[in-house]
Structure formats: structure tokens, C-alpha cells
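The values are calculated or read from the model by the stated rules, or taken from the named source; none is laboratory data. Just so you know, these numbers come straight off a predicted model, no measurement behind them. When we count neighbours, we look across all protein chains shown, and the Cβ atoms used for this are built from the backbone with ideal geometry, even at glycine. What goes into the accessible areas is simple: the full protein's heavy atoms, side chains included, and nothing from ligands, DNA or RNA. Shrake-Rupley method; radii C 1.70, N 1.55, O 1.52, S 1.80 Å.
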Amino acid sequence: MSNFVGCHGPSCHKSHTQDRIRGVKGSKVLRTKKVTLPRPEYINMYSYFCSQGCYNDFANKHVREVIAIAPRTEALETPIEVTKEQVQYGWREGTYTNTRIKTVDTNGG
Ligand SMILES: [Zn+2]
């Protein structure tokens, strides 16, 4: 059971490719490409587009509406602990300083 939708790229139907040509002689059109939706658990934002270009066109056209779904007015932060350690080179004498960043669990777990 296939589930088809039209590519959501706003200009998909304007690309001059043979696989978009539909209709009979005298009334031909360029039509958006069909895309097959995967099983629901595998659907992601690329599932609705025939190409990366069509996805980019859609995202650039509708970015304000998409951001309005979950606007970010403040930066997010992740608590961390930073430690420095000296690490021996694997291929020569000497050490270098490695910065280790560890996420701090603030949920008491
Ligand atoms: Zn497309």
C-alpha cells in the first residue's frame, strides 16, 4: 500500500525535466513530481520533497512560519564540567592538553 503525495517544493512544477511532462499534445504541462511517503515511523522533513533543492525552496519560502511554531527568544544552556588532561601523543614523544567536556546530569539521576 503506497502513499503518494505531490512534492511540496514551491517551484517543483517549473523545472524543465522530461519526467515532469504530463498531458496530451497541445495541452502539455510540467507537473510536480510524486513522492512516496515511507511508513509513518520513518517520515521526516525530507519525505515530502523530490529533492534537496525542493526542500530548500520550501524551507526558505516558509522559514518564518516554521520558526513561529517554536520561537526561541533566549539561548539554551547545557550544564557541563570542563577538565583538562595531558595526553601522550601516539606517534611521538610529548603530550598535548585535551579538554574534556562532560554533561552534568541535573535531573538527580
Ligand atoms: Zn520537487
Under 18 Å between alpha carbons - lysine pairs in the chain that sit 8 or more apart or on different chains:
5
Approximate spin-label separation Val63-His13, in nm, with each point projected 7 Å along Cα-to-Cβ
2.6 nm
Residues meeting the amide H criterion for Ser51 (H placed from the backbone, H to H distance under 5 Å, 5 or more places apart or on another chain) are none
Karplus ³J(HN,Hα) for region 62-77 (6.51 cos²θ - 1.76 cosθ + 1.60, θ = phi - 60°; Hz, whole; x = Gly/Pro) runs 10, 4, 5, 5, 5, 5, 5, 5, 8, x, 10, 9, 10, 5, 8, 9
Given H placed 1.01 Å from N in the peptide plane, which residues other than close sequence neighbours of Lys33 have an amide H under 5 Å from its amide H?
Cys7
At a 1.4 Å probe radius, carbon and sulfur cover how many percent of the accessible area of the chain?
52 percent
Where does the chain land at 222 nm, in deg cm²/dmol rounded to the nearest 500, when only DSSP H runs of n ≥ 4 count, each adding -39500 (n - 2.57), divided by all residues?
-5500 deg cm²/dmol
Estimated vicinal HN-Hα couplings, Hz - region 34-50 in sequence order (Karplus 6.51, -1.76, 1.60; Gly, Pro = x)
7, 10, 8, 6, x, 4, x, 5, 9, 6, 9, 5, 7, 5, 9, 10, 7
Taking the convex hull of Cα positions in the chain, its mean projected area over all directions (nm²):
15.4 nm²
Read phi for every residue in region 86-101 and hand back ³J(HN,Hα) as whole Hz from Karplus 6.51 cos²θ - 1.76 cosθ + 1.60, θ = phi - 60°, with x for Gly and Pro.
8, 10, 6, 4, x, 10, 7, 5, x, 10, 10, 8, 9, 9, 9, 10
